[in-house]
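Enquirer: Dumping the structure here so I can ask a few things about it.
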Amino acid sequence: MKNYTLNELFDIMTAPSQRLTEDIKSINDNIMILGAGGKVGPSLAITAKRAFKAAGIDKEVYAVSLFDYPETVNIMKDAGVTVIEADLSDPAQLEKLPDVKNIIYMVGKKFGTTGNQSLTWYINVILPSKVAERFPDSNIVVFSSGNVYGMEPLYSGGATEEDELRPIGEYAQSCVGRERIMEYYSRKNNTPMLMFRLNYAIDLRYGVLYDIAKNVMDGTPVSLSQGVFNCIWQGDVCEYAIRSLLHTKTPPEILNVTSPEIYSVRYVANEFGKRFGKKPVFDGQEEYQALFSNTAKMVKLLGAPRVGLIEMIDMIADWMLNGGKAINAPTHFEVTDGKF
């Protein structure tokens, strides 16, 4: 049983692969991550910096945010990341940011949308327009969400990049709005972009696997309203986001990013039950549809993820059994009406 520290977790998540080290030689320019203060941003910034170093390239990685998790700021600084605290909604602060060729845009709001829809629309739709206007000559990877597709029949194999968008709820609708606004500026200014439609990044401290594991550990019923899902190790997300800078286009490229496999909630809960010595309790029955994506395009373009389901389950179980701290950010994976 492994007892990970936070620094060890970041070391594992941010280790650049050989394929990233090779691709970053082609990027060979500074990278700026806007909205780097959330759950994924710090590991993404560190991964980029470590990849530059592994490739023998002296380039800057800027992490820009108001930083939700202050304990990660020093970890980024220690890794050589240039941290900039800025409010992107302030035109003066946005204007002061350095002109950088490569941008990964991660700003977004999901939870707390219900009851405060106007703020979600401002953050997810209006703010991207300001960033696109500020950086018309940059190369931009835009974080988006698989929620834009809506529910898919289990026999479908998951939503593909060519499928019609059928967003459920205002959060998902605002994600479509973000994509449409960014596409407008891509076409207007000939700005190359890629829409990075992510489903469920996995850290040891949060994520859909953590949520299921916590329910099993606590004896809380595990909902089966979404009977299947995709998820992907956060280290793989970071690698794909950086490497996606080489695949931006005008109009924007679209890329689903998550596991090629589709996982059963019931199976995952039973696996955690084995590790915790507890029998999971379930609520409801699996339906004929769920929110999940097809990643055949991602695998063809960027290769398969390095970390699989059982390895993620083992690491999360070890983390929890050793009292590892959690990030209070439940995924609400069981939600089917789009209200977050």
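The values are calculated or read from the model by the stated rules, or taken from the named source; none is laboratory data. Computed from a predicted structure; not experimentally measured. Here the Cβ is made from the backbone with ideal geometry for all residues, glycine too, and neighbour counts use every protein chain on show.
Enquirer: Which residues, taken from the stretch 241-255, are surrounded by fewer than 21 Cβ atoms within 10 Å (Cβ to Cβ) and either under 21 Å from residue 158 (Cα atoms) or aromatic (Phe, Trp, Tyr) (or both)?
Expert: Those that are surrounded by fewer than 21 Cβ atoms within 10 Å (Cβ to Cβ) and either under 21 Å from residue 158 (Cα atoms) or aromatic (Phe, Trp, Tyr) (or both): 253, 254.
Enquirer: So, in the stretch 273-306, exactly how many residues are surrounded by 15 or more Cβ atoms within 10 Å (Cβ to Cβ), of a type in the set (A, V, I, L, M) and under 20 Å from residue 211 (Cα atoms)?
Expert: Residues flagged as surrounded by 15 or more Cβ atoms within 10 Å (Cβ to Cβ), of a type in the set (A, V, I, L, M) and under 20 Å from residue 211 (Cα atoms) within the stretch 273-306 amount to 2.
Enquirer: Only one of (1) surrounded by 23 or more Cβ atoms within 10 Å (Cβ to Cβ); (2) within 19 Å of the chain's Cα centre (by Cα); (3) modelled with pLDDT of 95 or more fails for residue 24. Which number is that?
Expert: (2)
Quick grid of which residues meet (1) at pLDDT 95 or above; (2) closer than 27 Å to residue 324 by Cα; (3) in contact with a helix residue (DSSP H, G or I) (Cβ under 6 Å, 6 or more places away or on another chain); (4) part of a strand (DSSP E or B):
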position	(1), (2), (3), (4)
183	yes, no, no, no
187	yes, no, no, no
197	yes, no, yes, yes
209	yes, yes, yes, no
216	yes, yes, yes, no
220	yes, yes, no, no
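Enquirer: Can you tell me which residues in the stretch 309-325 are surrounded by 15 or more Cβ atoms within 10 Å (Cβ to Cβ) and either of a type in the set (Ser, Thr, Tyr) or under 28 Å from residue 110 (Cα atoms) (or both)?
Expert: 309, 312, 313, 315, 316, 317, 319, 320, 324
Enquirer: Go over the candidates 152, 133, 162 one by one and state the one that is over 17 Å from residue 66 (Cα atoms) and crowded, with 20+ Cβ neighbours inside 10 Å.
Expert: 152
Enquirer: Then there is this: When you scan the stretch 256-302, how many residues do you find that are part of a strand (DSSP E or B), closer than 15 Å to residue 152 by Cα and in contact with a Pro (Cβ under 6 Å, 6 or more places away or on another chain)?
Expert: Qualifying residue count for the region: 1.
Enquirer: Report the residue count in the stretch 66-108 for those that are assigned to a loop (DSSP other than H, G, I, E, B), touching a residue at least 40 places away in the same chain (Cβ under 8 Å), surrounded by fewer than 19 Cβ atoms within 10 Å (Cβ to Cβ) and within 22 Å of the chain's Cα centre (by Cα).
Expert: Residues flagged as assigned to a loop (DSSP other than H, G, I, E, B), touching a residue at least 40 places away in the same chain (Cβ under 8 Å), surrounded by fewer than 19 Cβ atoms within 10 Å (Cβ to Cβ) and within 22 Å of the chain's Cα centre (by Cα) within the stretch 66-108 amount to 3.
Enquirer: Identify the residue in the stretch 265-280 that is in contact (Cβ under 8 Å) with a residue 40 or more places away in the chain and among the small types (Gly, Ala, Ser) and, among all such residues, is nearest to residue 202 (Cα to Cα).
Expert: The residue in question is 269.
Enquirer: While we're on this one: Test of understanding: among 159, 172, which residue is in contact with a strand residue (DSSP E or B) (Cβ under 6 Å, 6 or more places away or on another chain), on the phi < 0 side of the Ramachandran plot and touching a residue at least 60 places away in the same chain (Cβ under 8 Å)?
Expert: 159
Enquirer: Being modelled with pLDDT under 95 and either touching a Gly at 6+ places or on another chain (Cβ under 6 Å) or among the hydroxyl-bearing types (Ser, Thr, Tyr) (or both) narrows it down to one residue among 5, 47; which is it?
Expert: 5
Enquirer: Let me ask something else about it. Taking the stretch 224-240 on its own, how many of its residues are surrounded by fewer than 18 Cβ atoms within 10 Å (Cβ to Cβ) and among the aliphatic types (A, V, I, L, M)?
Expert: Final tally of qualifying residues: 0.
Enquirer: Suppose we filter 161, 152 for residues that are within 20 Å of the chain's Cα centre (by Cα), among the acidic types (Asp, Glu) and more than 19 Å from residue 92 (Cα to Cα); which single one remains?
Expert: 161
Enquirer: Against the condition under 19 Å from residue 296 (Cβ atoms) and either β-branched (Val, Ile, Thr) or free of Cβ contacts under 8 Å to residues at least 24 places away in the same chain (or both), how does residue 165 come out, does it pass? Break it down into steps so the answer makes sense when it comes.
Expert: Numbers: under 19 Å from residue 296 (Cβ atoms): yes; either β-branched (Val, Ile, Thr) or free of Cβ contacts under 8 Å to residues at least 24 places away in the same chain (or both): yes.
Here the answer is yes, as residue 165 does meet what is asked.
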